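The values are calculated or read from the model by the stated rules, or taken from the named source; none is laboratory data. Bear in mind that the values here come from a model prediction, so they are computed numbers and not experimental data. Note that we place each Cβ from the backbone using ideal geometry, even for glycine, and neighbour counts take in every protein chain shown.
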Amino acid sequence: MGVADSWQQEQVSLAYVAALATRGGYTLGKWEVDKDGVDLSVKRADGLAFELQMKCTYSPKMSSHGTSYSYDLDIPTYDKLRAHTRTAVGFLGLVIVPRDIEEWMIHDERELTMRCSGYWAKIQDAPPVENTSSKAIHLPTTQRIDLPGFEEMFSHAWVRLMHGAQAVITA
């Protein structure tokens, strides 16, 4: 049984989103330096975009009700993703993989199957916190990173874009 290093967890979370973006026909931008709290930008053909900070774990924390996962996000990243000055909506993505790296994928002569699942939480415009180390982010099990989930994230981006446009028009 092999346990993955953190860089392998990061790479599988990025590959998970890349596979879905490709399937959905979206453009994917990967940031070389993660200084803004963003790993990936996902863009539709109409120009609408959202941004993701991706995390990966093989030991997710489930809420007591069993309806969401909890991830402790560091405050600097939380603050970057929630900033009202962002031009694209910021989300946290969490990919859950089996503990054993050998079980992450099935690869044979006919197919490559990823054995993981992803969930998202909107961080954009979230309130500030007093804590200085981390913030528990709840990622509902209904908010899956999949093609319908992408469309829901694009919907948040559209609402934010229209809200900003209304502010400009009334100013």
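Restricting to the range 1-60, and then to whatever is part of a loop (DSSP other than H, G, I, E, B), within 24 Å of ARG86 (Cβ to Cβ) and touching a helix residue (DSSP H, G or I) at 6+ places or on another chain (Cβ under 8 Å), can you tell me which residue is modelled with the lowest pLDDT? So, considering only residues that are part of a loop (DSSP other than H, G, I, E, B), within 24 Å of ARG86 (Cβ to Cβ) and touching a helix residue (DSSP H, G or I) at 6+ places or on another chain (Cβ under 8 Å), the one modelled with the lowest pLDDT is ASP36. Whenever a residue of the range 58-70 is in contact (Cβ under 8 Å) with a residue 12 or more places away in the chain and at positive phi, it has no partner that is aromatic (Phe, Trp, Tyr) and surrounded by fewer than 16 Cβ atoms within 10 Å (Cβ to Cβ) lying with C-beta atoms less than 8 angstrom away and at least six residues away or across chains.
Only one residue in LYS80, LYS55 is of a type in the set (Lys, Arg) and either in contact with a Leu (Cβ under 7 Å, 6 or more places away or on another chain) or closer than 17 Å to MET105 by Cβ (or both). Which one? Step through it out loud before you land on a result.
Working: LYS80 fails: either in contact with a Leu (Cβ under 7 Å, 6 or more places away or on another chain) or closer than 17 Å to MET105 by Cβ (or both).
Only one candidate qualifies: LYS55.
Criterion first (surrounded by fewer than 16 Cβ atoms within 10 Å (Cβ to Cβ), in a strand (DSSP E or B) and either among the polar types (S, T, N, Q) or touching a strand residue (DSSP E or B) at 6+ places or on another chain (Cβ under 9 Å) (or both)) does ASP72 satisfy it? Before the answer, list the steps.
On the way: surrounded by fewer than 16 Cβ atoms within 10 Å (Cβ to Cβ): yes; in a strand (DSSP E or B): yes; either among the polar types (S, T, N, Q) or touching a strand residue (DSSP E or B) at 6+ places or on another chain (Cβ under 9 Å) (or both): yes.
So ASP72 passes the test.
For the range 102-125, the condition of being within 19 Å of the chain's Cα centre (by Cα), hydroxyl-bearing (Ser, Thr, Tyr) and part of a strand (DSSP E or B) holds for at least one residue.
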